[in-house]
Structures are given as structure tokens and as C-alpha cells.
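Bear in mind these aren't lab numbers, they're just calculated from the coordinates by the rules spelled out. Just so it is clear, the model here is predicted, and its values are computed rather than measured. Here the Cβ positions follow ideal geometry from the backbone for every residue, glycine too, while neighbour counts run over all protein chains shown.
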Amino acid sequence: MTSDRLGHGSDGLLTAAAPPPAPGSSATPLRLTVNGTVHTIRLSPDTPLLYVLRDELQLRGPRFGCGLGQCGACTVLLGGSAVRSCVLPVSAVGGQPITTLEGLGTLERPHAVQRAFIEEQAVQCGYCVNGWIMTAAAYLAKNPSPTDAEVRTAMSDLICRCGAHVRMLRAVKRAAGRQG
Amino acid sequence: MTVRDGQALSRRQFLKTSGAVVVSFAMPAALLGARPDQAGAAQAPGLSSDAARLDSWLAIGQDGSVTVFTDKVELGMGVSTAFAQIVAEELDVSFHAVSVVMGDTARTPDQGGVGGSTSISVGARPIRQAAAEGRQILLNLASARLGAPVAQLTVRDGVVRRADDPTKTASYGDLIGGRRFDVTLQVSGGSYNLGVAGTARPKSPDQYTVVGTPVPRMDIPPKATGEFTYIVDVRVPGMLHGRVIRPPVPGATLRRVDGAQGLPGLVKVVTKGNFVGVVAETEWGAIQAARKLNVTWSTSTATWPAMADLYTAMWAMPVRTRRVMTQVGEVDAALASAARTVQARYEWPFQSHAMMGPGCAVAEVRGDGATIWSSTQHPHQLQRGIAQLLGLPVETVHVVWVEGAGSYGRSGAEDVPGDAALLSRAVGRPVRVQWTRADDTAWDPKGPPVVIAARAGLDGTGNVVAWDYVARAFSGSGIPPGPSTAGNMLAGQLTGLPAGGNDVPTTFQEHYAFAAKRSAGEIVPWPQEASPLRTANLRAPSQPATTFGGESFVDEVAAALRVDPVEFRLRYLRDPRDIAVIRAAAQQARWASRSSPRAGISRSGLTTGRGIAFTPRGETRLATIAEVEVNQASGQVRVTRLVVAHDCGLIINPDGLRGTIEANLIQSTSRALKEEVRFGPSGVTSTDWVSYPVLMAPEVPEIEIVLIDHPELPPAGAGEPASVATAPAIANAIFDATGARLRTVPLTPARVKAALQNRGA
């Protein structure tokens, strides 16, 4: 382990300067299809998909919540499956199309699940709502007529810190009624 | 209901223009203040946060759109929609015409920020007054324009008409659009109590047509479609990414930093005192650098009690401050002469804000000032704190609030701007910092643990003759609620600055008419600086804990007297509003009158029960009834139903209120059943959602809410009160179901099993 030189910077902070980053030798171009558009990305292949979507493609729907795959705030659809983009290396995406909250629907043409969340006013701060909507969209596409208990189970590994669960579960059920 | 175009349009506009909430269409771009794509824009001429100017509160665009400016910020409970309703009501404009700009130190008067469920009850007063003043001025202008006295004018949707000739009209946009009012208001108070007065009188509530209606929240459609701008979405040209590295053990001091060379994309390692951060070109680069950097720390001399001994240690500590909250009659004499006494102790743990989105801020520190984008609850206080941290004049620091994840008090959201500011200054470029999950769950300031001791004296005929209650905590809020000094921020503390003190003993609120009663709050000392167990406000600060003690104990007294818990409370309450919430909750829950525990409990298998708790919080009062199912083999408690009757005076938006109450109930159920910060000699060990679990969808109870509206009363708070009575209602229901009394939160299966084993024959 090398020791970096610590010294006083002009601003009074102790700083240790690192050499400039090596040219991106590890960054082979990757093709990603996001919300129907093909992008070519040059990044370290271990970069989690979340940071590619947020920082390179300027998307807002998937959000950082834990970086551990525990909370769901970063959920996107990969093919038709809800996946946690904070723990998915971008190199593992392969050719599968990615859909984010923005790609699911818009203010003018919301997806059935988004519409149900708006109608049920199923949001407090809304930071988690991406995970709930994306997980519900993937689930309902395969299970169009779930019972209340099945909806709870399907949503059972999503965190909502505010406690908007009652309305969010009702919204998923409402969307199911429409899709079925 | 459908997505409304009006909302969509105004939100679109907002997305293009500002990190703050919404901007009016007609305001010239130069008046919009700094925004993410115009980093560091100085305070625009003509705009000010001077509370004495009507123009600081209210602007009318040429198209008649209305913009209101407030220091109160949206925490996800719908307060921005409620403000728009209040302004639409006073001005007689459409709700859709109103935009709300929140928390910008260059253009919103200092109202102290958000706290204590006061945004509507106190914070909306100057907004309402400003809107009323604006309406009066506009009517005077219209009177001259239309040639009719004000008394003969009517207003609807921002258009003034002559009552005798409705074809004679003048719109607000025509009358003043794009120009200033140039009117001075009288200012009173300051901070939370900032008030303004002029000559107009706000409407009487019996005239309300917008206030009191369930207008859908304006922020929800863009939140559901991913078009909303959260603090995490703020991007500034030239922005770099930062992450922080905390000491492994509180009290450890920084020895050396190695291993920075070769880390891809690393721009700088920044240290000052025990503050350590990295800045990198990309977010992933910053995360990797923070993980891989080899930071050497000293061993620590800080000591904590073992987690298992915490409550014992708290009772053994010397009291630093004691405050008697209530004193009626001769308590000690009444206790001494009582026929019998009942007593118990209760315990509430450290709890974390554990924000859904870990704290995030963007700082751009320049030679001549700084711009900070933050989800702070206290923009003007943060302005002062950052100025002190950076050694800049206060007026050169511009804080722009942008909504974050629900913060619920003095969370890490108030700390992270200090991190971003130090890193930005060190690299001379804008830096965005978002905390990791562990930075937030382990290192946020914690809701303090509370221990409660209560005694009651009973006479020979079943009356309570004495009540003696004390709640002891490290403090109601060890860290002052706002980041108003550099030392209140973790970054400041790590660089060696002292934290401010806040020796306000924890509060307990009750309304029982016991002949003699005393309730006291005590503070015992606790190290607050640069510690992951420093304590601060967490939703309804400490009142869920003190009421867990108080309302559990009321239930214990009722049980000792074999009186129904509802009937017992009603015997000692006098205020009709207190009585009304208890009666309404009992009626909604179909409460069966009997004493607890229920008769004929089997000592194995599943059993069910119900419990009630009542609380005032300020001018709000509520009663919560919990129904539970207890698995006596596993100790697992399922809360199957919560019924609440809630009275917060005048209701602004009943659907928004219901959403906030529901969320309060679920979050407080989570705190009651699950949440406890774990710690050992090496620091906080609950660092994520596995080690700090919260309530999940399968565990969510059915919820029924009875709203009691009082249009004749001022609005009171709703952001916190429904958090207060949940834990005691659940514990009382467990007692009803099993005969076992739980006196320590969280009410975990292990504690339930232990209590079941200890229950009497």
C-alpha cells in the first residue's frame, strides 16, 4: 500500500491529490436499449445499471435507496421482469430491453398502474413509489387478477418509510381490476 | 379522477425551470433565482425574502397565475397543495392557477422552516394574510378601472366583475400581472411565529369553497410518472460526485489515508480534522473510492453502556435538567395517604430516521459565496450554518430547497449539505453527495431513548387520587432541530466544532383531571458530538415514547380497578373534544365495554384483543384503537386493525389529511413493533433494512379513520399527532388479548414471549 502525501491545501483543508484517472481501458462500449432508445455507453462494466440510467441517461424514475437490493427504490424492468438496478452490473444486462418509470407511461399517457396510484393518491414523499409501480406492473402483467393477499405478498419486499402502504396496495388492486 | 392538464402543465414548467417547487408562468426568467442549470445565479434584483414586502409572499403573473412564496417546505404530506388551496380561497382564483415556491433563501421570508406539525397551523397564517391583502389591492384597482365601488364587485377565478353589469370585467392579470404590489406589511414575531398584518381581513370559514375540499395533491402525478425533481435529481454543470467516510468507532481520530493512487476517476481525497471525503468524476467512482481507500484511525476512548444495560444506566445517571410539566395538588401527600398504589416503568429505544432516500445535497462553493441545494427542513437556518462552516458572509450563501425523501425531523438531510460544502470548496467545483444506506441508518441523528416511571394512588372506592409521572431522556433533541450553526452539522463536528446544546426536557401531554398530578421531564447527559448515537428530533419528538408510558400506565390503572379502558378515560376527561374523539373511535371500532384482560384467555395458540390510547398534541387530539392477534407460541403480534378518531380543528384537505394520518399510523406501528437501533462497543450495528427492519406490506393493518372537523376553530397540526398513540394502543391490546403487559418497545416476539411467561396465574 502506498502512502499518499498529505498537505495543506490553499483552502485550509488537508488534501491528498491522486494522479489523473487512467484512460478508460476497461470501458468497452455497451449497447443498452432503454425505454425504446438504443444508447452506446462507455463505462466500467461493473458499474451498476442504476448509475448508468441516472447519471449518463439523466433518468429520474429509478432512485438510490440502499445499494444493496433491499428496498426496491431502484427497480426497473429488464425484459418483463422487475430487477433492482443498484446491484445489477451494466455488463449483465445483455441485449434485454430496459424500461424505467418514465418509459412505463407519461403524465399524458400514464400506465394503468401509474393512473391507479394517482387516482388513489397513493403517495407520501414518493421516493419509494418507483419500486412499487414497477414491481406492480411486472407482477400484474403475469398475474392480472390477484387477491388482496396475493398483492401483499407480491409487494412484500419493498420498503416504504412513510407508511403509504394502504393506498399503494389499494392502487395495485385497482390497476389489476383494469388490466384483468 | 384523472390526471389534470392544469397540473401537468404547471409541473412541466417547473421541471424546466427550478429546483424549488413551482414557478409562475409569467415571471420573467431573471426572477426565477438560481436553478440547477444556472448554478450560482445571484439573487435576482427585485426579489427578496423581506417579510415586510407583500411581493415577497405573493406574485400575480400577466396571465393571472398566482405564485406564493413560503419557507415552509413539502415533506410528502401534501402541505403545498393545502397552501395552494388557502391562497386560492382568499384570492378567489382557481386552485389550478396557484403555484407554490418553497424554501429559497433568496426569495422566501424566513419562517423558521418546518417542524412540530406547524406548517398549516402557524406557517399558513402569513400566507393567508398576504393573499387577503392581495385581493383587497386588486379589488381597489378594479374599482377604479370598472368605475364601481368595491362593495359592488364580485370575483371568480381571478376575474373581477361589476355586480350590476357582469360584462364589465377586469382580470387579476390585467390589473397587476407581472408588476409588483409595492405594499409594506407590518411584521410581528419571527421564525416559526413570523406574522404579517395589513388592512385586509381574511375570509370567514363559512365562506370557504376550496378550503375543506379533497383537492388531489399537485405533486402526485409527476411523482408517479418519474417527472418529479427530487434533490437526488439536481445536476449542475461541472458537477463532481462525493462520498464521505466516517470513523469506524465514535471518538476515533484520523491517522492517515492511503491507497488513493490508481483509483479510477478519483479527483481528490479531502480531510479536515476527522472529516474524510472523496471526490470523483462519476458517482460510481466516488462510491468505489470511498470503499477502497485505506483510512487508518486511532482507537477510541468513547464508551457507551452495553445495549442491554442502556435503560438501567439511564436511571443511574445524574439528572442535568428537570422540568415539571404539570403540577396539580399535593401529589406526595396524596400518594402517601392512598389506599393502594400502582407503579410501572417503561422503556423506548433509540430509533433511526432511516430515510427512504439517504441524505443528498449539491454544493457549489465559489470564492465569493456558495449555492446549496438541499432537502433541509430549515433553509434559512442552513444558510447560517453553511456560512459559518465556510467562513462566508451569510448573505453570500444561497440555499435552494428541493424535495427529498420523507425526513421526519432532524434527519441526516440536515447534515449532508455540510459534507457537500467542504468537498466543493476543496475541489473548486460543484459536488453532489449522497449518503450510503449505512451513512444514513447508522449515522443519522437518532430519536433518543426514553425511560418512564409512573405511580398512581387509588382510594378505597376506585378513584385515582394521585398521579406521578417522570420521563427521562438524553434530551428531547440533543442536536438543535435546525442546522443553524456549523457545529450542528456532522461535518462541522468532525472538523472539531462544538455542537449547540438543546436542553429541552422531553414532553408528555395528557388532559386527565386527576385530583393531584405531577408530570416531569428529565435530561441526563450523553455525548452528542460526532457520534452515530447523537440524538435529535424524530417525528413528534419523544412523544410516542412518553405517551407509550403514560397511556400504557393509564391502562394498567384501569385494569387494576377492573374498569373498561374507554370508560376509565372518559371518567377523567373534561374537554368535549377529548371526549368526542374517544367516543367516535369506540363507536367506529364497535368497542365492547369490559375490563382488560378479556375473560377466558387460553394460554396457548392464537388470541385476540383490543386496546385504546388517547392523546392531545398541541391543539390536536386523537384516540387510536388497535386490534391485535397474538401467536402465543411464537410471540408474533399481528396488528389487524387500527381505528383512529382525529380532531385537528379546521380541516384544509380531508383526503390529504387521511393520507397523512394513515401513513402516521403505519410508520408508528413500525416503530412500535420493529424499530430499535442496535449498537455495540464498535458503533451502531443496525446499518440497513435487514438490521433495522421496518413494517412491510404483509404486516400492514386495516385502517379506519374518523375525521372530526371544526370549521369554527383554527387548523391545528396533523403531521405528527397520529404517530403518538399507536404503540400504547397496541401494547394495551396485547394485554387485553393475553394478560401480559409489554413495557419495552419494540414489542418484539422475544419480548412478548418473555412477558407471556411472566404473566400471573
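Relative contact order, percent, of the range A:29-103 when contacts are C-alpha pairs under 8 Å separated by at least 6 residues?
39
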Review point. When the convex hull of the Cα atoms of the range B:556-758 is projected onto a plane and the area is averaged over all directions, what value comes out in nm²?
Key: 12.7
Study note, to complete from the structure: Out of B:PRO480, B:MET307, B:GLY123 - ranked by how far each Cα lies towards the positive end of the dipole of chain B, with unit charges on the beta-carbon of charged residues - the top one is B:MET307
Revision key, fill the gap. For the protein assembly as shown, the charge dipole (Cβ of Lys, Arg +1; Cβ of Asp, Glu -1; about the Cα centre) points to a positive end, and the Cα of B:SER407, B:THR326, A:PRO48 closest to that extreme belongs to A:PRO48
Review point. Taking the range B:168-275 as the region of interest, what is the percent of Cα-Cα pairs per 10 angstrom bin, listed from the shortest bin to the one with the maximum distance?
Key: 8, 15, 21, 21, 15, 14, 6, 1
**Study point:** Rounded to 5, the percent of DSSP beta bridges in the range B:365-520 classed as antiparallel
**Key:** 55
Check your understanding: Which ordering of B:THR253, B:THR485 is given by a fewest-first count of other beta-carbon atoms within 10 Å?
Key -> B:THR253, B:THR485
Check your understanding: Could the peptides B:92-103, A:108-119, B:451-462 be put in order, highest first, of the mean number of other beta-carbon atoms found within 10 Å of their residues?
Key -> B:92-103, A:108-119, B:451-462
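Under the Kirkwood approximation applied to all pairs of distinct alpha-carbon atoms, what is the hydrodynamic radius of the range A:29-103 in Å?
11.9
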Revision key, fill the gap. Reduced to Cα centres, the span from the range B:363-440 to the range A:122-174 in Å works out to 33
Revision key, fill the gap. Mean Cβ-within-10 Å packing, highest first, puts peptides B:678-688, B:208-218 in the order B:208-218, B:678-688
Review point. Across 20 Å bins from 0, what is the distribution of all Cα-Cα pair distances for chain B, in whole percents?
Key: 17, 46, 31, 6, 0
Review point. If you wrap a convex hull around the C-alpha atoms of the range B:549-590 and split its volume per residue, what is the figure in Å³?
Key: 72
Exercise for review: At a temperature of 25 °C and a viscosity of 0.890 mPa s, determine how fast the range A:112-179 diffuses translationally according to Stokes-Einstein, using the Kirkwood radius over alpha-carbon pairs as Rh; express D in µm²/s, rounded to the nearest whole number.
Suggested key: 214
Review point. Based on the mean of other beta carbon atoms within 10 Å per residue, what is the order of A:142-150, B:667-675, B:51-59, most packed first?
Key: B:667-675, B:51-59, A:142-150
Exercise for review: Please go through the residue pairs B:LYS292/B:LYS674; B:LYS272/B:LYS446; B:LYS168/B:LYS203; B:LYS272/B:LYS674; B:LYS72/B:LYS674; B:LYS72/B:LYS517 and name each one whose alpha carbons sit more than 27 Å apart in this structure.
Suggested key: B:LYS292/B:LYS674; B:LYS272/B:LYS674; B:LYS72/B:LYS674; B:LYS72/B:LYS517
Review point. What is the Å³ per residue value for the convex hull set by the Cα atoms of the range B:499-570?
Key: 123
Check your understanding: Magnitude of the Cβ-charge dipole of the range B:100-192, K/R +1 and D/E -1, about the Cα centre, nearest 20 debye?
Key -> 160
Revision key, fill the gap. Given backbone amide H placed at 1.01 Å from N, residues whose amide H is under 5 Å from that of B:SER99, ignoring those fewer than 5 places away on the same chain, are B:VAL66, B:THR67, B:VAL68
Review point. Simple spin-label model, 7 Å along Cα-to-Cβ: B:ALA333 to B:GLN261 in nm?
Key: 8.2
**Study point:** Dipole moment magnitude, nearest 20 debye, the range A:112-179 about Cα centre, only Lys, Arg, Asp, Glu C-beta charged
**Key:** 100
Point to revise | Residues A:LEU30, A:LEU53, A:LEU169, B:LEU382, sorted so that the one with the fewest Cβ neighbours within 10 Å comes first | key: A:LEU30, A:LEU169, A:LEU53, B:LEU382
Exercise for review: Let me know the mean shielding of A:131-139 by other chains, meaning the per-residue number of their Cβ atoms within 10 Å of its Cβ.
Suggested key: 1
Study note, to complete from the structure: Ranked on Cβ counts within 10 Å of their own Cβ, fewest leading, B:ILE582, B:ILE705 go B:ILE705, B:ILE582
Review point. Can you give the mean number of other chain Cβ atoms that lie within 10 Å of the Cβ atoms in peptide B:258-270?
Key: 6
Check your understanding: Binned at 20 Å from 0, what are the whole-percent values of the Cα-Cα distance distribution for the protein assembly as shown, short to long?
Key -> 14, 45, 34, 7, 0
Review point. Okay, which of the range B:593-637 sit inside 20 Å, backbone N to the point 7 Å along the Cα-Cβ direction of B:ALA750?
Key: B:631-637
Check your understanding: Which whole-number percentage describes the relative contact order of chain B, with Cα contacts under 8 Å and a sequence gap of 6 or more?
Key -> 13
**Study point:** Average other protein chain Cβ within 10 Å of Cβ, residues B:276-283
**Key:** 3
